[in-house]
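Asker: Below is one structure. I have some questions about it.
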Amino acid sequence: MADRGCPLQPLPLPAEVRESLAELELELSEGDITQKGYEKKRAKLLARYIPLIQGVDASLQAEPRIPGPSQTMAAAPKQQKPRPTNSRDERFRSDVHTEAVQAALAKYKERKMPLPSKRRSILVHSSVETCTPPDTSSASEDEGSLRRPGRLTSTPLQSHSSVEPWLDRVIQGSSTSSSASSTSSHPGGRPAAALAGLVAHAHIADLHSAPPDVTTGLVEYSHCERPQPASVRGVPRGCSGRLLDTSGGVPVNSRVSSKIQQLLNTLKRPKRPPLKEFFVDDMEELLEVQQPDPNQPKPEGSQMVVLKGEPLSLGTPWPPSLLAALQRWGTMQPKAPCLTALDTTGKAVYTLTYGKLWSRSLKLAYTLLNKLTSKNEPLLKPGDRVALVFPNSDPVMFMVAFYGCLLAELVPVPIEVPLTKKDAGSQQIGFLLGSCGVTLALTTDACQKGLPKAQTGEVATFKGWPPLNWLVIDGKHLTKPPKDWHPLAQDEGAGTAYIEYKTSKEGSTVGVTVSHASLLAQCRALTQACGYLEAETLTNVLDFKRDAGLWHGVLTSVMNKMHVISIPYALMKVNPLSWIQKVCLYKGKTALVKSRDMHWSLLAQRGQRDVSLSSLRMLIVADGANPWSISSCDAFLNVFQSRGLRPEVICPCASSPEALTVAIRRPPDLGGPPPRKAVLSMNGLSYGVIRVDTEEKLSVLTVQDVGQVMPGANICVVKIDGAPYLCKTDEVGEICVDSNATGTAYYGLLGITKNVFETVPVTAGGAPISDRPFTRTGLLGFIGPDNLVFIVGKLDGLMVVGVRRHNADDIVATALAVEPMKFVYRGRIAVFSVRVLHDDRIVLVAEQRPDASEEDSFQWMSRVLQAIDSIHQVGVYCLALVPANTLPKAPLGGVHVSEAKQRFLEGMLHPCNVLMCPHTCVTNLPKPRQKQPEVGPASMIVGNLVAGKRIAQASGRELAHLEDSDQARKFLFLPDVLQWRAHTTPDHPLFLLLNAKGTVTSTATCVQLHRKAERVAAALTEKARLSIGDHVALVYPPGVDLIAAFYGCLYCGCVPVTVRPPHPQNLATTLPTVKMIVEVSKSACVLTTQAIMRLLKSKEAAATVDVRTWPTILDTDDIPKKKVANVFRPPSPDVLAYLDFSVSTTGILAGVKMSHAATSALCRSIKLQCELYPSRQIAICLDPYCGLGFALWCLCSVYSGHQSVLVPPLELESNVSLWLSAVSQYKARVTFCSYSVMEMCTKGLGAQTGVLRMKGVNLSCVRTCMVVAEERPRIALTQSFSKLFKDLGLPARAVSTTFGCRVNVAICLQGTAGPDPTTVYVDMRALRHDRVRLVERGSPHSLPLTESGKILPGVKVIIAHTETKGPLGDSHLGEIWVSSPHNATGYYTVHGEEALHADHFSARLSFGDTQTIWARTGYLGFLRRTELTDASGERHDALYVVGSLDETLELRGMRYHPIDIETSVIRAHRSIAECAVFTWTNLLVVVVELDGLEQDALDLVALVTNVVLEEHHLVVGVVVIVDPGVIPINSRGEKQRMHLRDGFLADQLDPIYVAYNM
C-alpha cells in the first residue's frame, strides 16, 4: 500500500463529493446496498478525480493511501495531507486494516471446516458445503503455493466453473470423504441413494493403511490414498458408489464421518511448526519452552530521556483551591450558569447556577455533619467515605452531592446505580465500599424509588455490599444552615479529596484516591493545556462520575466558571446528533466526546444540513489512547469539514485512573506541534519494538499521537516486565508520569500502591533517573518526533502468547474488519485471554444477530480465525457467539470484559455457537513419546535384578494344604453334589428370592431344587428330543426357575447357556442380543417361562428379528412331574459344563467354555476365601447371567450348602432400600453387589439414612460387602457408600471389590479373613509410560488405586509385558496373566477363529519360567508387596487393576486410560452427569451427558477442552453433548464405549451439539 500511495496523489475532493462518499459508506455499513453496488457507485463518483491506472481494480483505487516510508512520520500539517476518502464509519475501522483483512482472507484457500452440528436446527447443507475438494498437495511444499488467491466472499459457491470438476469426482466417489445425504441433493448425485443403502449393510475389513495421525503435529504429511476395502459383504449389485472408511469394521453414517474427515483435513497441516524442544524427560513430560526466534526484531535505539512538560504558569492568579473558586463564583456571580441538564428528548430541563450550586452544597454539608446521628453520636466524622449513587441523567444532583461532601470534609466515592441484584461487577463494587468503610449512600428521590427493594420496603442489600444507610438529597430533605455556620473545609494538601473506582483486568475493583493537592494541580494543568477561559461553554458527552468527564465537566469547569452542557447517555442512544446540535445551539467552544459518539453521529447525520461546528476550538477525544480511535476521527472530519469543523480542532487525549490526564493534543494557537500518524508493523509491536512499516505489509497498525505532556509533568517509558528500566527510543513500554496531578494510592492496598504509584525508573546502568517517584499509567506506548506521545495499547488488554504480546483492541479490530454487520453486533465483542497449560490463550466472544443463520455465523467465525491468524500470526483458542443482549454490560454501553471472562471460565456464558482451535494454539505440549526399540525380556529381568526389584508375581493360598483331597474328589461334579445334598439334608433351604416389597416369593430347599431339575431334564430328553452335549439357552428372569433349569440341563448332559431375557419395553435393542447369543452358542433349544415365550414370538418381536428361525422353545411353567431314569455323569472332569456369554466393555460378545473341573475348582476357591458353610447366609444383589454373578447365584450355594438370599437388581428400581433391608433382616455376614447397585443406593438413599434407621435397618452384621467388577475399583463410589451407611452401622473396612474377567471369572475376592485392602497413590503421568511410581496422597497428578481384593486360593498371577511377553518388575505396568484350576478352557466362537485368541488361554512367558501355561486377562495392572502379613504369615502381595488393555487410548505415543480422562471431565462443570471418551482416527472424542438446560450445552465445550489439556496434555478433537442416559452401560454398570462410538459414527445419538475442535 505504501508503494501504491506514492505515484498517485489524489486531487483534494470537493466537499459535496466527500459527503456523497460518506453517505455511500453508511449505506454499505447499514447493509442498505450490496458490496457490488457500493463499488459501482463509488467508482462513478471518483472517476473524475483519480487518474485511472490500467488493470487496477476500481475498488482499490480509492482505498486510503498511507504515505510512503519517507514521509510516514513527516510533520505535514493535517490540512495538506490527502484525506483518506474511504472513511468507513465503524468503531474500530482503519481502512488499511479492512483492506489487509480482505487480502489476508483471499490468501487462504476456502479451507472447509466442519460445521458443528446442533440439534434444534436441522441444517440442509448445499452439496459443496460438505464435500471437500480432493487434497492433492503435500504439506512439505511451500504454504503459499497451496492457497487459491481470490477474494473470500460469504457466498458458499463463488463460481460454478471452479467447483464443477472436483464435484464430479466427488460424485464418482473419489473424494476424501463424501456425504451421502448431501450428494443426493445435487443434480448429479445419482448413486447417493445406493450409497446410503450400502452404508447400512457395510462390513469393512482389513484396512491397508492406518488413518493419519493428526495429533502429533508432524509437519511432514504424505497424503495417503484411500484403500479399497478388501472384503465387502452384502453390496447391492450395480452400485457404483465407494464405501466410507471405518475403523474396526463399523459402518459409518456419512454425515459424521465426512465432518471428521473435514476436521482431519484442517489438521493435516499445522499452520505453524511446533516449537523447538526444550528438554523432554520421558517421565516428567516437561512442557515445551518457547525459544526466542533468532530473527525477531530487537530495539536498536539509544536510551530514552525523560520528557519534561512546560512549567505550570505562575503569572495567572489561580484561586487558592477549588472550594475557594466555588465560593467566589457562588457569592460574587450567583446568576452565572454552571450546568445545564437535558432530558431524553434533548430539552434543557434545568440550569444550575453557581449561586444555587454553592447554597445547595452548603445545605447538604450542614445536613451531613449535623443532622445524621446514630445512637446520639454523629454518623459521620470528617474524612469518612460516602457513596454517591446517581444516574447518568442527573448531573445536577451529582454535582451538589460531590461539592457538598468536599465542603463537609467527607470523601465522595462515585459509583454506578445498581439496577438489579446481579449487575455485572456489582459484587466487586460492594467489596470496594466495604473496604472503604462506607456506611452512607447519597442518591436522589427518583433513583431511590427505582432501586430493588426488600420485603420491608427498604433498599435491598446487594450481593457483597456492606449495610448502607440511604440519604435522599432532594431539597426538601435537607436543612438550611444557620447564618453564622461556615464549613471548616481544609482542601489543600495531602488529604484525600475523592476516590474513583477502577476495575482491573481480572475483574477486581480498586479505589484510586486523589488528594486535594492533586485535584487542584489537575484542574490547573487542564486549564493551561486546554486554554479554558472564564465562562466558556463545554459540551460534555462523557460520564461525569469519573475520568475525563469528572475532571473537565465537574472540577475544572468550576475553577473557570464555565458553563457545561451535559448530554446523558440515554439521549445519545435516541439522538446521536444531540451533542452536535447543542454545540451549534450554545456556540460551544469545547466538546468532550469518545470516538463512539463520533461514530454514532456519523450514522445519524444524513438529513441534517443545518448544523455547524465552526464555533468549536477543541473537540477533545477522551479515548484517543485507543489505537482504533483514529478511524473515527478521520471519518468524522471527513464528513463534518464541510460543516465548519477545522482539522486542528480534533484533540485526542490519553488518561488513566492512576495518573489522571497523561497527555493531550493542543491546537496550534495553544502552541501544539502539527499532528502526526505512525504506520507501525504489527509483528514488530508484538515483540515490543517500533518499526515503521516500510514494505507493503498487511499487518500494520496506524496510530495518531495523543499530543504533548501535561504542563508541570515529566514522562518516561519503562519496560513492562521486571524492574522499571528505561526503554530505548524504538521500544514500546509502559508510560510513567511524575507530576503533582496524579492519583496518590489504591485505597487500603499498600503493596500494589507502592508498585504503581511509587515507581522509580532506572537507567540501563541501574541509576535512578529522578529523586521523585513516578506513577505507572497502564498505557503502552512510546515518544515520537516533536516529543509527541503515542499510545499503542493498554496493559489491561495485553495478552502474552508464547513470547509475543498482542493487544485485545487490535484483535477486536481485525474481527470487525471481517464484514461483521450481517452477523454480529459491532460494539458487543469481548477479547480476553485465559491461562491454559501455562500460557495465555485468546478467547473472542461476540453477540450474534438474531437473524444470522448458523452457517453464516460459522462462516464468519472461521474467517475471523483466518484473518487474525494472518494479520497477528496468532491462533484464537476459542471463538464463541452468544445470543443478542446476553454479554454482561459495562455501565454506559460496551462489554464488561472481566465479567464475561469470569462467566466463560465458570461455564455461565451460554453461547449459541462455539469454535475451538486448540490444535493450532497449543504449541507447548510435551513432545510425543517416541517408542524406543523395546528392551528384550532377558535384559528386563537382568535390569530388574540389578535394580533390586522383584519380578512381579503373586499367588493365593495353596489348595493342597487347605482341605482333604477326598472331599475335592467327591465334589468334582455339581450334579452329584446336588443329589448328595437332596439325599443327606433334603429340607435345608438353599435359596430365598425376594421381590420389590421385600417378601419372599419363592424358596428352594435341596430336595425341591433336585426335583425341579429332574423335571426339566425329563422335558429336555422327551419333549425337545435333545441328546447329550446339545446346547440349551436359558432365557429366564432372575429366580429359582433359572437355577432349576441350569441343573436340569446338567442332569441330562446338555450344556446350559444363561441369557438375559429381552426387555418388553425395549425389544428393538435387547432382542437382537438374545437372538445373537442363541445363534452364536448354537443352542438347540430355548428354555423359558410362558410370558417370555409369548414375547419371543410376538408381533413386536417379529419387527426386530426373524421369529421363524428360533430353535424349539419350551416353557417350564407347568411341565409334568417326571423323574429321569439316571442322572448323566460326565466321563471326565474336563467335559464342558456350561457356556458363559458376556458383552465386554469394548462391545465384543465373547462366550467362554467352563469345564466341570473348572466349575468345581471355582466354587471351592470361593468357599475357602469367604468361609462359606451350610450354616451361613449370604445376600446377593447381582445379575445371574454371566461371570462371578452367575457363579454366586447358581453354583456356590449348591457346592457349599450355605443359604443365598437372592435380590434381583431390577427390583431396586421400585424399592432402592430392598438390598440393604434384606442384608439387615437376614443378618448376612457376606454380601455381594455390583457398582450400579451401589450407585443406586448412594444416589437414592443419600438423604434417607435416618428413615432407614427408624425402620430398624442395621448393617453392623456385615463382615464383608464385595462389589463384583471387571474394571479398576471405583474408589470414590465405594468410599462415599461406606461414609453414607456408616450411620447404619456398616463397618468402615467392610466394603471391598473383586476382580474377574473373561478368562477367569474370579481372580481376586476380599473374603472374610486376611489384611484389609490397601490403597496407593501413583503418578498418572508415569502410568502413561507403563511405569508405576508411588507418590504421596494429594501430590499433583496423583491417582488413587485400591487393590481388587485378595488373590483366591490356587490362583497364581504374574505381570507380563504386553508385547515381548517377558515378566516385568514391580515398578512396571503390564498385562495381568493368571494361572489357576478354574481358568476357562477357551473361547466358544462361531467362525472357528480360535487361532486369533488361542494365546489368551495358553500363553507362555518368553523368558524365565517358560513352562507354566497362563491365561492373558487383557487387563493392565501391577503388583506391590505390602507391609501387611497374610494368614500364612508371608508378606502380603496386593494386585492393582488399572484398566482394560482393549480400552486404552494410544495417543501421542502414550497409553491413556479413558476413566482418568472421564474423571477430569466430570469435574469440569456441575451440569456434566456422565462422560465417556474414545478415539476415532487418532482424534480424541469426548461425549458428555448434560444434566441441565439445552441452551447451556455449549458452555461445556471450552471447559472440557481446557481440563483435558491441563490435566492430560491432550487436545480434544470432538466434543459431543448428549442427553442423560445416552452413554450405554452394561449390567455391571460399565460404560460401553465402543457401542457409543459406533452410535456416534452412525449418527444415532441425536446429540444436542457436536463441536469439532480445529
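The values are calculated or read from the model by the stated rules, or taken from the named source; none is laboratory data. Here the structure is a predicted model, which is why all the values come from computation and not from measurement. Cβ sites come from the backbone with ideal geometry, for glycine too, and all protein chains shown count toward neighbours. Ligands, DNA and RNA are stripped out before the accessible areas are found, and what is left, the full protein with its side chains, is counted by its heavy atoms. Shrake-Rupley method; radii C 1.70, N 1.55, O 1.52, S 1.80 Å.
Asker: For LEU380, work out the one condition from (1) of a type in the set (A, V, I, L, M); (2) at pLDDT below 90; (3) outside any loop (DSSP other than H, G, I, E, B) it doesn't fulfil.
Answerer: (3)
Asker: Now, a different point. Within the range 859-895, track down each residue that is touching a His at 6+ places or on another chain (Cβ under 7 Å), under 15 Å from THR920 (Cα atoms) and without any contact (Cβ under 8 Å) to a residue 40 or more places away in the chain.
Answerer: Answer for the range 859-895, where residues must be touching a His at 6+ places or on another chain (Cβ under 7 Å), under 15 Å from THR920 (Cα atoms) and without any contact (Cβ under 8 Å) to a residue 40 or more places away in the chain: there is none.
Asker: Please report, ordered by residue number, the strands (runs of 3 or more DSSP E) entirely within the range 1464-1543 with at least 2 residues that are polar (S, T, N, Q).
Answerer: none
Asker: Return yes or no: is ALA846 in a strand (DSSP E or B) and either crowded, with 21+ Cβ neighbours inside 10 Å or among the hydroxyl-bearing types (Ser, Thr, Tyr) (or both)?
Answerer: Taking the combined requirement at face value, the residue satisfies it.
Asker: All but one of (1) within 38 Å of the chain's Cα centre (by Cα); (2) crowded, with 23+ Cβ neighbours inside 10 Å hold for ARG1274; state the number of the condition that does not hold.
Answerer: So ARG1274 meets the others, but not (2).
Asker: Being of a type in the set (A, V, I, L, M, F, W, C) and free of Cβ contacts under 8 Å to residues at least 60 places away in the same chain narrows it down to one residue among VAL1135, VAL1152; which is it?
Answerer: Result of the check over VAL1135, VAL1152: VAL1135.
Asker: Among the residues that make up the range 744-760, is at least one of them touching a residue at least 12 places away in the same chain (Cβ under 8 Å) and touching a Leu at 6+ places or on another chain (Cβ under 7 Å)?
Answerer: The answer is no, given that none of the residues of the range 744-760 is touching a residue at least 12 places away in the same chain (Cβ under 8 Å) and touching a Leu at 6+ places or on another chain (Cβ under 7 Å).
Asker: In the range 792-826, what count of residues is obtained for those that are in contact with a Lys or Arg (Cβ under 6 Å, 6 or more places away or on another chain), open to solvent by 30 Å² or more (accessible area, probe 1.4 Å) and not in a helix (DSSP H, G or I)?
Answerer: Counting residues in the range 792-826 that are in contact with a Lys or Arg (Cβ under 6 Å, 6 or more places away or on another chain), open to solvent by 30 Å² or more (accessible area, probe 1.4 Å) and not in a helix (DSSP H, G or I) gives 1.
Asker: Could you check, for the range 691-710, whether at least one of its residues is small (Gly, Ala, Ser), more than 19 Å from VAL756 (Cβ to Cβ) and either in a loop (DSSP other than H, G, I, E, B) or open to solvent by 10 Å² or more (accessible area, probe 1.4 Å) (or both)?
Answerer: Yes, because at least one residue in the range 691-710 is small (Gly, Ala, Ser), more than 19 Å from VAL756 (Cβ to Cβ) and either in a loop (DSSP other than H, G, I, E, B) or open to solvent by 10 Å² or more (accessible area, probe 1.4 Å) (or both).
Asker: Would you mind listing the helices (runs of 4 or more DSSP H) fully within the range 876-966 where at least 1 residues are in contact with a helix residue (DSSP H, G or I) (Cβ under 8 Å, 6 or more places away or on another chain) and at pLDDT below 85?
Answerer: The qualifying helices (runs of 4 or more DSSP H) are 918-921.
Asker: Can you tell me how many residues in the range 1047-1069 are surrounded by fewer than 21 Cβ atoms within 10 Å (Cβ to Cβ) and under 20 Å from ILE1028 (Cβ atoms)?
Answerer: 1
Asker: If we keep just the residues of the range 711-738 that are of a type in the set (A, V, I, L, M, F, W, C) and not in a loop (DSSP other than H, G, I, E, B), which is farthest from ARG776 (Cα to Cα)?
Answerer: Top of the filtered list is LEU726.
Asker: Among the residues in the range 1011-1023, are any within 25 Å of LEU1096 (Cβ to Cβ) and of a type in the set (S, T, N, Q)?
Answerer: Yes, the conditions are met somewhere in the range 1011-1023.
Per-residue answers, yes or no, for (1) in contact (Cβ under 8 Å) with a residue 24 or more places away in the chain; (2) open to solvent by 10 Å² or more (accessible area, probe 1.4 Å); (3) under 25 Å from ASP809 (Cβ atoms):
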site	(1), (2), (3)
ASN575	yes, yes, no
SER578	yes, no, no
CYS584	yes, yes, no
ALA591	yes, no, yes
SER601	yes, no, yes
GLN605	yes, no, no
VAL611	yes, yes, no
ILE620	yes, no, yes
SER629	yes, no, yes
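Asker: Quick one: which of TRP1193, TRP1219 is more than 45 Å from the chain's Cα centre (by Cα) and among the aromatic types (Phe, Trp, Tyr)?
Answerer: Residue meeting the stated conditions: TRP1193.
Asker: How many of the residues in the range 996-1041 are touching a residue at least 24 places away in the same chain (Cβ under 8 Å), in a helix (DSSP H, G or I) and of a type in the set (S, T, N, Q)?
Answerer: Number of matching residues: 1.
Asker: Residue check: is LEU1396 farther than 23 Å from LEU959 by Cβ and either open to solvent by 20 Å² or more (accessible area, probe 1.4 Å) or at pLDDT 90 or above (or both)?
Answerer: Yes, satisfied.
Asker: Quick one: would you say ILE752 is among the β-branched types (Val, Ile, Thr), within 38 Å of the chain's Cα centre (by Cα) and open to solvent by 30 Å² or more (accessible area, probe 1.4 Å)?
Answerer: The answer is yes for ILE752.
Asker: Now a separate question. Of the residues that make up the range 1192-1213, is at least one in contact with a Gly (Cβ under 8 Å, 6 or more places away or on another chain), on the phi < 0 side of the Ramachandran plot, of a type in the set (S, T, N, Q) and in contact (Cβ under 8 Å) with a residue 40 or more places away in the chain?
Answerer: No, the conditions are met nowhere in the range 1192-1213.
Asker: A further question on this structure: Within the range 1303-1326, which residues are touching a strand residue (DSSP E or B) at 6+ places or on another chain (Cβ under 6 Å) and either of a type in the set (Gly, Ala, Ser) or crowded, with 24+ Cβ neighbours inside 10 Å (or both)?
Answerer: The answer is VAL1303, ASN1304, ILE1307, CYS1308, GLN1310, GLY1311, GLY1314.
Asker: For the range 1092-1105, does any single residue satisfy the condition of being acidic (Asp, Glu) and either open to solvent by 20 Å² or more (accessible area, probe 1.4 Å) or without any contact (Cβ under 8 Å) to a residue 24 or more places away in the chain (or both)?
Answerer: Yes: one or more hits.
Asker: Then there's this: Looking at the range 1077-1090, is at least one residue within 48 Å of the chain's Cα centre (by Cα), of a type in the set (A, V, I, L, M), at pLDDT 90 or above and open to solvent by less than 70 Å² (accessible area, probe 1.4 Å)?
Answerer: Yes, there is a match, as at least one residue in the range 1077-1090 is within 48 Å of the chain's Cα centre (by Cα), of a type in the set (A, V, I, L, M), at pLDDT 90 or above and open to solvent by less than 70 Å² (accessible area, probe 1.4 Å).
Asker: So which residues in the range 366-393 are among the small types (Gly, Ala, Ser) and either open to solvent by 70 Å² or more (accessible area, probe 1.4 Å) or within 28 Å of LEU892 (Cβ to Cβ) (or both)?
Answerer: ALA387, SER393
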